[in-house]
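The values are calculated or read from the model by the stated rules, or taken from the named source; none is laboratory data. Predicted, not measured: the structure shown is a model, and the values here were computed from it. Note that each Cβ is placed from the backbone with ideal geometry, even for glycine, and that neighbours are counted across all protein chains shown. Note: accessible area is taken over every heavy atom of the protein model, side chains too, but ligands, DNA and RNA are not part of it. Shrake-Rupley method; radii C 1.70, N 1.55, O 1.52, S 1.80 Å.
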Amino acid sequence: NNMTLNPPRVHQAREKLFYDWCKKHDKLGGQHKIPRLSNQRTYVEELLEMNES
């Protein structure tokens, strides 16, 4: 039962990653709600995958 936290891993996002994510989900322009918190890693995994390509 390891009760200590592992050190965080920091990923540097490429330029325009958020713009590309919004474009992929049809959220460009106007006022759209963007999730800030989630109990699943779906958004993080998607952004990490988009960041690598």
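Residues that are surrounded by 11 or more Cβ atoms within 10 Å (Cβ to Cβ) and either free of Cβ contacts under 8 Å to residues at least 12 places away in the same chain or in a loop (DSSP other than H, G, I, E, B) (or both) within region 29-53 comprise Y43, V44, listed in sequence order. Residue pairs whose Cβ atoms lie under 6 Å apart, separated by 6 or more positions or on different chains, with the first residue in region 12-23 and under 13 Å from E52 (Cα atoms) and part of a helix (DSSP H, G or I) and the second open to solvent by less than 100 Å² (accessible area, probe 1.4 Å) and polar (S, T, N, Q), are L17/N51.
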